[in-house]
Amino acid sequence: MATDIDQHATDLLEAIYEAGRAGTDPDEAISAYLQRAGHDVDCGFQLVDLLASQGLVKPYSTFGTPRAMITPAGIQAIRQLVADRADPKVRSAVLRTEMITWLDAQEEQGVHPGSFQEFADQLVSPLAFSERELRGAAELLLRHSLIDAVHVEEFTEGWIAPRLTVEGRECITDCGGDVGEYLRDRRRPGPGNDSSLADDIWST
């Protein structure tokens, strides 16, 4: 189960990796990621330290700015992530988690997104997920009452003005934003559990 900071660290590592592939400055990629994600410098140092503790980057921070170089282990980790994303089941699970944890981060910052387009715009790689996948994930989050949203005829259900529900926050606190795990927990027999809630989670 990934925690919120684990996901942010993975996203930052991917930003550094993509900068290396593109031949651009990894320092600028780190700064751009932090700004895009709404993180401050202290959070940047925390993320770099976490990645360094796992041997995925080598930090060389100076002048109060988080800086790091990706290590061979970091490159391998991102390549495995990319390979995993090729699996539709894994892609769907990752996307749902990223979308709901992003909403939680926005709420923590007191920000109310106008749509999930803002999430799509801040992805490290805009081509990581297709529009169909993004809109399908939004519909699923709404259908399982993890978010509320404004109904607009010309837009996908769940896409406009998404907000976490009580269930959505519970998914974050209890399962780290792992939507599949949360719905499976709700499906298990027990007081108040509805076994029908997650029947179609893997078929969507």
Treating the beta-carbon of each Lys and Arg as +1 and of each Asp and Glu as -1, no other charges, what is the dipole magnitude of the stretch 1-111 about its Cα centre, to the nearest 20 debye? 500
Of Tyr33, Ser115, Leu164, which is farthest along the charge dipole of the chain in the positive direction, counting Lys and Arg as +1 and Asp and Glu as -1 at C-beta? Tyr33
With an 8 Å cut-off on Cα pairs and a minimum separation of 6 or more residues, tell me the relative contact order of the stretch 13-145 in percent. 20
Taking chymotrypsin sites (Phe, Trp or Tyr not before Pro) as exposed when DSSP calls them loop (any state but H, G, I, E, B) and at most 12 other Cβ atoms lie within 10 Å, what is the longest stretch of the chain free of them, the sites themselves excluded? 64-204
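Taking only protein heavy atoms into account and a 1.4 Å probe, give the accessible area per residue of the stretch 51-148 in Å².
The answer is 51 Å² per residue.
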Can you compute the charge dipole magnitude of the stretch 98-186 about its Cα centre, using +1 on each Lys and Arg Cβ and -1 on each Asp and Glu Cβ, nothing else charged? Give it in debye, rounded to the nearest 20. 120
Picking from Asp27, Asp42, Asp104, which is most flexible by a Gaussian network model of the chain using Cα springs under 10 Å? Asp42
Cβ charges +1 (Lys, Arg) and -1 (Asp, Glu), total dipole of the chain, debye: 580
Average Cα contact separation per residue, the stretch 48-126, under 8 Å, 6 or more apart, as relative contact order %: 15
Each label sits 7 Å from Cα toward the beta-carbon; between Arg143 and Asp174 the label points are separated, in nm, by 2.1
Extension gain Ala73-Glu108, at 0.36 nm per residue separation less the Cα-Cα distance, in nm? 9.4 nm
With Cα springs under 10 Å, the Gaussian network model of the chain assigns the largest mean-square fluctuation among Arg21, Arg135, Arg143 to Arg21
Sorted by accessible surface (1.4 Å probe, heavy atoms of the protein chains only), largest first, Met69, Met99 come out as Met69, Met99
Once the piece of chain linking Thr24 and Phe63 is laid out straight, how much longer is it, given 0.36 nm per residue of separation minus the C-alpha distance between them? 12.0 nm
What does the charge add up to near Leu34, with Lys and Arg as +1, Asp and Glu as -1, over the other residues with Cβ less than 12 Å from its Cβ? -3
Using bins 10 angstrom wide from zero, how does P(r) for the chain break down, in % of all Cα pairs? 8, 34, 34, 19, 5, 0
When the label point is put 7 Å from the Cα of Arg184 along its Cα-to-beta-carbon vector, which residues of the stretch 78-122 have a backbone N closer than 15 Å? 89-94, 97
Of the residues Pro72, Pro162, Pro26, which exhibits the maximal mean-square fluctuation in a Gaussian network model of the chain defined by a 10 Å Cα contact cut-off? Pro72
Options Thr71, Ser53, Ile5, ranked by Cα towards positive dipole end of the stretch 1-95, top entry (Cβ charges): Thr71
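The values are calculated or read from the model by the stated rules, or taken from the named source; none is laboratory data. Please read these numbers as outputs of a predicted model, since none were measured by experiment. Cβ coordinates were reconstructed from backbone atoms using ideal geometry, including for glycine residues, and neighbour counts include every protein chain displayed. These area figures cover heavy atoms from the full protein model, side chains too; ligands, DNA and RNA do not enter into them. Shrake-Rupley method; radii C 1.70, N 1.55, O 1.52, S 1.80 Å.
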